[in-house]
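Report on one structure; see the data block that follows.
The values are calculated or read from the model by the stated rules, or taken from the named source; none is laboratory data. Keep in mind the model is a prediction, meaning the values are calculated, not measured. Quick reminder, even Gly has a Cβ in these numbers, built from the backbone with ideal geometry, and neighbours come from all protein chains shown. Note: accessible area is taken over every heavy atom of the protein model, side chains too, but ligands, DNA and RNA are not part of it. Shrake-Rupley method; radii C 1.70, N 1.55, O 1.52, S 1.80 Å.
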Number of protein chains: 2
Amino acid sequence: MSERKNILFIMCDQLRHDYLSCTGHQRLHTPNIDGIAARGVRFANTYVQSPVCGPSRMSFYTGRYVSSHGATGNFVPLRIGEKNIGDHLKPLGMRPVLVGKTHMVADQDGMKRLGIDPSSEIGVHHTQAGFEPYERDDGVHPDLKVHPDVAYNKYLRDRGYDDHKNPWHWAANSVDRDGEVRSGFFNDVANKPSRVTDEESETPYMTRLAMEFLGEDDGETPWLLHLSYIKPHWPYIAPAPYNDMYGPEDVQRALRSNAELEDPHPLAALYQQRVCAQTFSKDEARNTTIPAYMGLIKQIDDQLGILFDFMEQQDLLKDTMIVFTSDHGDYFGDHWMGDKDFFHNPSVKVPLIIADPDPSCDVTRGTVEDRPIEAIDLMPTFIEYAGGKVPRHIIDGRSLMPMLQGKDISWREYVISEYDYFMQPFSPKTGRTPLDCRIYMIANAEWKYIHAPGYPPMLFDLIDDPDEFQDLGRSADHEEVRKTMHYALADWSLQYRQRDTVSEERAYEMVGLEDKLGVLIGYWNEDDIKPPAQAPRFKGN
Amino acid sequence: MSERKNILFIMCDQLRHDYLSCTGHQRLHTPNIDGIAARGVRFANTYVQSPVCGPSRMSFYTGRYVSSHGATGNFVPLRIGEKNIGDHLKPLGMRPVLVGKTHMVADQDGMKRLGIDPSSEIGVHHTQAGFEPYERDDGVHPDLKVHPDVAYNKYLRDRGYDDHKNPWHWAANSVDRDGEVRSGFFNDVANKPSRVTDEESETPYMTRLAMEFLGEDDGETPWLLHLSYIKPHWPYIAPAPYNDMYGPEDVQRALRSNAELEDPHPLAALYQQRVCAQTFSKDEARNTTIPAYMGLIKQIDDQLGILFDFMEQQDLLKDTMIVFTSDHGDYFGDHWMGDKDFFHNPSVKVPLIIADPDPSCDVTRGTVEDRPIEAIDLMPTFIEYAGGKVPRHIIDGRSLMPMLQGKDISWREYVISEYDYFMQPFSPKTGRTPLDCRIYMIANAEWKYIHAPGYPPMLFDLIDDPDEFQDLGRSADHEEVRKTMHYALADWSLQYRQRDTVSEERAYEMVGLEDKLGVLIGYWNEDDIKPPAQAPRFKGN
């Protein structure tokens, strides 16, 4: 049992990289999350593969870029053939278990075409992205598509919230105002307490489920527990006392410059016109909603404190790697934008902290790693931690284990993020077909370059302009930089990332395979034969 | 029945673009193939997606680029999820039937992972690339891996060629010399007749099978018959009288220049060192083997004459589109290279002729189309011909039907070809790992640019140097051209070609989907609601 190595893979949803005390927030204190950093490594430059839930998560769960796995948007199914976290970890003897959200959309057409019953073991495996669903809850349940079996809704109904078929919306994510129930989707009530109590709200509910799973642990089979909180994602409604734990005085300055409104990049202009951008360009909205968002983060930190205490009691901390991250951030009016979906740091950067209790990682405890990390690096990290070999012909990411162990390794220079904006309400205004609504980001320590087919590029100087206020995409002085970044983007793109049926080991065996089989192409006679080929010989007649 | 529309999809293997009389060969007369051109359109600039059998064919059968479908080499399985010709044509009511070669390698691991029995209907569908195998014969059966059930071997044994377990090799593709049976893999005997007669050789055997299938035709279900000859592929052994129908005097000049041997591109140098290149750099080999190759082509033409007569008798020509093409060419010493696998025209260009008897195509009969065509254009052509709509989110190619009908359409400027050289015996010399052994070609009417990661590019001026003798890849005068071509290659590469689970129709429906579902991201209050979103409203308490 002491040899067993588990993983607690905590993911928040829509948590910005800079809303933890250990990542620099001045007013928000998150001692329990900071504690993970104190026991492990904080990766200060971590980027998601797409700044939106579904594609980002599919990259986390497959270890592959969005243009590798193809699930480019929320509601876009991950095709049946893609290998998921279960395909990688189960053969290593590790159970990947889910409590919370994955945003996985199953490939129903693919299952049908290949004769796979969605309710069969293989069908469920695909549908759950390879996780064993202890309880799956994707967290956003709009009235128009709420499933009757959402367990959290049953729980709330049992608690007496039975005045609507969808208490997720109308109890946990709504408030009482002027004798009416008001939807938490409206930010004008974000500072009011949710109709449910702290205990009844989503984060403690999910934390209790995680502890329930851990309490049932047999102490033998290694597990990866994906505790995947929906919060602090929309609706920005917190239960008391978290709803007014912070106020306008705790809101950090907006990262925006008036220059960004003058002659903006045409695509940035469309983002600036989104409802969420219009809302959060106003200080009133920021001052109302950001405190609630901070409260939701504080609640997560408090719950993690409870969870870690429980794990300590269960003696689980000593053999469990703890990973804390998020699937993307939120603009909150920075750059005159709202929500996420674009490539400025508030949207595309996430916190990432990993604490591995193994003594091999003692040398890095409490350190900060500045090299560029991608979300796809977690899957290979898990594989290596679980004792496997990373299949480089499938996994695009790289294991972080050597960094955790303080080893001297070469590392990538660039990070990539991609976004497919066809689902954006503004996409028809671009006149582009859905397959053409693509944007790409490539960034290194100095530059961030955004390639938007059909538009000029964007470019930010991350050294002289770390807040990304000045778009140099059309600047006459930066043509060489843009060319260098574009070539780097092309290098990244020009890879056979779909050659996933031949492992590296097999590929090496296949060198010169035709000769080995006696298919002697272009030989004049026996003199051309060099080992290992053998002369075809048959003495007939 | 008169409404039924069939397709006869004839493919040769290793047939160069310029070895037909209608494509300019001065000594080889191919009246039956020329006849297809007279009744249809000859596409004079047709490129394969990879200059090697397997990947090229997977592109023909999926309508997707090699880096889309991932089967980048012979022996590289096509992954289970890729949609094949059957997935596209069967729902349209068309039977895709195979006589001959596909080079399809099934994804055994993928089938196992997804619980698909390889012998089940779905397993066979995948394994046969979606074809109904009337008789599959991949044509190259080396002794070390010949399958005991090769039907052609049974046929030969029944004909008395029973002195070896593999008469494909030792009867059909060998010769008698000095009382010994000598393998046809040795080109020093290429001008000798095969041990089998014309009638017993592979091309007439396959043609008879095609006629057998056509004779069984029920006259109701539309079919696509893929008559896929292994010839004129290696071994270059023809039966009498085709073995000496042509002689050294009929061999066209080699397309090579001494300049190509001076300071060659490092990768080109490795190709020039291959056995096949060394062999065919010698005139003796060219003068011995090319006449046999011409004989094999002449034999195909004669057999097609027989087939077309039969179809005329069966009254099938009037409702059958005839397509004639090849999977790649052969260098035969051009550019000091042999076999294929690289991007000069003798290797990467193929003949393509399409004759559609429909009156809508009368306007183009006998014409030559010069616009750049890719192998992936056939699959969408078949879909449109069969009455379907081309799923642009899956199919990379474009239907040629508008060209056949003489419609005025815009068309691509560039063609792409890719090659994965990890299996080449020289690949270890490059010091590159298998996943890094990649080369890409992009060509338009003026330029051919070859991008080889880790090496300088190659560049040919197709206007001033149509024979591709002078590599301008390192010329100081052509930096702008190279940049333009590289950007075009990047544009091609930077596409979401794996977003194949959402059709264009569905994508348009998904625009603004979150709002439609009532997930009102970033709304301040009801004033932000514009159709089609509805205000979330619930009057509780």
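Here are a few things to note about the model shown:
- Label zone at B:Lys530, where the point sits 7 Å out along the Cα-to-Cβ direction: segment A:305-342 residues whose backbone N lies under 19 Å: A:336-340
- With every protein chain in place and a 1.4 angstrom probe, the accessible-area ranking of A:Thr325, B:Thr367, largest first, reads B:Thr367, A:Thr325.
- Reported to the nearest whole Å, the Cα centre-to-centre distance from segment A:444-484 to segment B:312-351 is 46.
- The A and B chains share an interface that buries close to 10000 Å² of accessible area, total over both sides, probe 1.4 Å.
- For B:Glu135, solvent-accessible area (1.4 Å; no DNA, RNA or ligand), Å²: 30
- For the residue pairs B:Lys90/B:Lys389; B:Lys349/B:Lys483; B:Lys5/B:Lys318, the alpha carbons lie more than 18 Å apart in B:Lys349/B:Lys483.
- Annotation: aspartates and glutamates with alpha-carbon distance below 14 angstrom to B:Lys407 (same-chain offsets under eight excluded): B:Asp362, B:Glu369.
- Label geometry 7 Å along the beta-carbon vector: B:Phe75 inter-copy distances in nm: 4.6
- Label point of B:Asn258 (7 Å along Cα→beta-carbon): distances to the other copies' equivalent points are 7.3 nm, sorted ascending.
- Within segment B:278-412, the proportion of Cα pairs with more than 27 Å between them is 37 percent.
- When A:His17, B:His29 are compared by accessible surface with a 1.4 Å probe, the order from highest to lowest is B:His29, A:His17.
- Segment B:431-498, relative contact order [Cα under 8 Å, separation at least 6], %: 22
- Shielding score for A:75-82, defined as the mean number of other chain Cβ atoms within 10 Å: 5
- Coil-residue trypsin sites (Lys or Arg not before Pro) of segment B:222-324, DSSP, other Cβ within 10 Å capped at 13: B:Arg253, B:Lys282
- A 1.4 Å probe over all protein chains sorts A:Lys112, B:Lys165 by accessible area into A:Lys112, B:Lys165, starting with the largest.
- Averaged over peptide B:181-194, the number of partner chain Cβ atoms lying within 10 Å of each residue's Cβ comes to 4.
- Lysines with Cα under 30 Å of A:Lys539, excluding same-chain neighbours fewer than 8 positions away: A:Lys516, A:Lys530, B:Lys101, B:Lys145, B:Lys154, B:Lys165, B:Lys192, B:Lys231, B:Lys282
- Heavy atoms of A:Tyr385 accessible to a 1.4 Å probe, total area in Å² rounded to 10: 10
- Every Cα-Cα pair of the protein assembly as shown was included, and the share exceeding 61 Å stands at 16 percent.
- Sparse packing (at most 14 other Cβ atoms within 10 Å of the Cβ) combined with a DSSP loop state is found for none of the GluC sites (Glu not before Pro) in segment B:462-491.
- Diffusion of segment A:466-524 by Stokes-Einstein, at 10 °C in a medium of 1.306 mPa s and with Rh set to the Kirkwood radius over alpha-carbon pairs, works out to 98 µm²/s.
- FRET efficiency, 1/(1 + (r/R0)^6) with R0 35 Å, evaluated for B:Leu92 and A:Asp117 via beta carbons: 0.85
- Estimated [θ] at 222 nm from DSSP helical runs (n ≥ 4, -39500 (n - 2.57)) normalised by residues in the protein assembly as shown, nearest 500: -7500 deg cm²/dmol
- Across peptide B:506-519, the average count of Cβ atoms from other chains found within 10 Å of a residue's Cβ is 6.
- Label zone at A:Phe75, where the point sits 7 Å out along the Cα-to-Cβ direction: segment A:90-119 residues whose backbone N lies under 19 Å: A:102-110
- Rh by Kirkwood over Cα pairs, then Stokes-Einstein D for segment B:54-104 at 0.692 mPa s and 37 °C, µm²/s: 290
- Full extension of the chain between A:Asp109 and A:Asn287 yields a length gain of 59.5 nm, computed as 0.36 nm times the residue separation minus the alpha carbon distance.
- Counting 0.36 nm for each residue step from B:Lys429 to B:Leu144 and taking away their Cα separation leaves a gain of 99.9 nm.
- Percent of beta bridges antiparallel (DSSP, chain A, rounded to nearest 5): 50
- Relative contact order (percent, whole number), chain B, Cα cutoff 8 Å, 6+ residue spacing: 22
- For chain B, the solvent-accessible area works out to 34 Å² per residue, with a probe of 1.4 Å and every protein chain left in place.
- The same position A:Pro466 in the other copies lies at 6.1 nm from this copy, comparing label points 7 Å beyond Cα toward the beta-carbon, shortest first.
- Mean sequence separation of contacting Cα pairs (under 8 Å, at least six apart), scaled by the length of segment B:392-541, corresponds to a relative contact order of 17 percent.
- Restriction of the GluC sites (Glu not before Pro) in segment A:238-340 to DSSP coil positions whose beta-carbon has at most 14 other beta-carbons within 10 angstrom yields A:Glu262.
- Once the Kirkwood radius over Cα pairs is known for segment B:224-282, the Stokes-Einstein relation at 37 °C and 0.692 mPa s delivers a diffusion coefficient of 221 µm²/s.
- Model label zone, B:Glu199; criterion: amide N under 17 Å from point 7 Å along Cα-to-beta-carbon; scope segment B:282-323: B:303, B:306-307
- The protein assembly as shown - percent of accessible surface contributed by carbon and sulfur, probe 1.4 Å: 49
- The heavy atoms of B:Val368 present about 70 square angstrom of accessible area, all protein chains included, probe 1.4 Å.
- Calculated log₁₀ intensity ratio I(q)/I(0) where the Debye formula runs over C-alpha points of segment B:26-158, q = 0.13, 0.17, 0.21 Å⁻¹: -0.69, -1.06, -1.32
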